[in-house]
Amino acid sequence: MAFIFLDRTRGLPEGERADLALRVAGYAFAVLLVSLFLGSQILNFFGVTIPALRIAGGLVVAATGWSMLHAPPGVGGPHAESSADFATMKRMAFFPLTIPLTTGPGTIATAIAIGISRTDSLDAMFGSSIVSLLVAIAVSAAIYHAYRKSSAMARLFGEEGTSVVTKLSAFLLLCIGVQIIITGASEVARSILDGASRTIQ
């Protein structure tokens with residue numbers, strides 16, 4: 001995702017890109033914590049199922065990958081052409097840079113599943129909560145490091161290599177979105193078939 005992040009923030013100075021990377025990592029940390037500890041309650045409150053989350057998020061991810069894959073060379077979305085556009089990029093830090101591109105429906109669904117499986121024992125719950133917190137910190141730190149160093153990775157690959165990797169990343173993003181949609185649709189189909197079989201019986 002570092003090359004996707006770089007492509008979406010092309011034109012920003014290094015300092016502003018680092019600040020944006022910190023914002024995205026902070027938002028990702030918050031999303032992980034909320035998903036781990038409150039995700040199932042929030043979905044239940046709004047009547048949203050995990051399959052619906054997967055399908056909706058997969059559509060957004062696939063649409064983003066498709067648009068980047070078909071963008072002309074040097075254009076990959078809403079780039080900031082100057083530091084004056086940094087305010088616009090900050091508004092994009094949560095959506096779409098954090099959700100769904102960084103912590104997408106797959107991440108959220110997995111975190112919610114981990115939260116649901118947490119035991120009711122107080123000691124075990126405390127231990128698993130500490131582990132979940134440490135994992136969220138580690139993931140957020142990895143996101144920040146990768147995004148902050150994205151331009152350095154681009155220099156390592158060179159201009160042509162970066163263009164190739166970015167297009168490959170966009171194609172993989174499209175594939176990931178389609179796979180998330182398929183997973184959500186399969187879960188819906190399975191629940192419908194199970195309900196139909198119980199009705200027949």
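Pairs are defined by a Cβ separation below 9 Å, a sequence spacing of at least 6 or placement on different chains, a first member in the stretch 135-154 that is touching a residue at least 24 places away in the same chain (Cβ under 8 Å) and over 19 Å from I108 (Cβ atoms), and a second member that is acidic (D, E) and loosely packed, with under 14 Cβ neighbours inside 10 Å; the pairs so defined are R148/E14; S151/E14. Looking for something assigned to a helix (DSSP H, G or I) and touching an Asp or Glu at 6+ places or on another chain (Cβ under 6 Å) - is there at least one such residue anywhere in the stretch 153-162? No; the residues of the stretch 153-162 include none that is assigned to a helix (DSSP H, G or I) and touching an Asp or Glu at 6+ places or on another chain (Cβ under 6 Å). Counting only residues that are surrounded by 15 or more Cβ atoms within 10 Å (Cβ to Cβ) and either in contact with a Phe, Trp or Tyr (Cβ under 7 Å, 6 or more places away or on another chain) or of a type outside the set (A, V, I, L, M, F, W, C) (or both), the stretch 181-200 holds 3 of them.
Scanning for something assigned to a helix (DSSP H, G or I), in contact with a helix residue (DSSP H, G or I) (Cβ under 9 Å, 6 or more places away or on another chain), surrounded by 19 or more Cβ atoms within 10 Å (Cβ to Cβ) and among the hydrophobic types (A, V, I, L, M, F, W, C), does the stretch 118-134 turn up at least one residue?
The answer is no; no qualifying residue exists.
Scanning the stretch 19-57 for residues that are of a type in the set (V, I, T) and part of a helix (DSSP H, G or I) returns V24, V31, V34, I42, I50, I55.
Here the condition is being at pLDDT below 90, part of a helix (DSSP H, G or I) and aliphatic (A, V, I, L, M); of I137, I112, it holds for I112 alone. Checked against the criterion of being in contact (Cβ under 8 Å) with a residue 24 or more places away in the chain, surrounded by fewer than 18 Cβ atoms within 10 Å (Cβ to Cβ) and among the aromatic types (F, W, Y), the stretch 168-180 has at least one qualifying residue.
Among residues of the stretch 60-84 being in a helix (DSSP H, G or I) and modelled with pLDDT under 80, the one that is surrounded by the most Cβ atoms within 10 Å (Cβ to Cβ) is S83.
The values are calculated or read from the model by the stated rules, or taken from the named source; none is laboratory data. Since this is a predicted model, take the numbers as computed values, not measurements. Backbone-built Cβ (ideal geometry, glycine too); neighbour counts: all protein chains shown.
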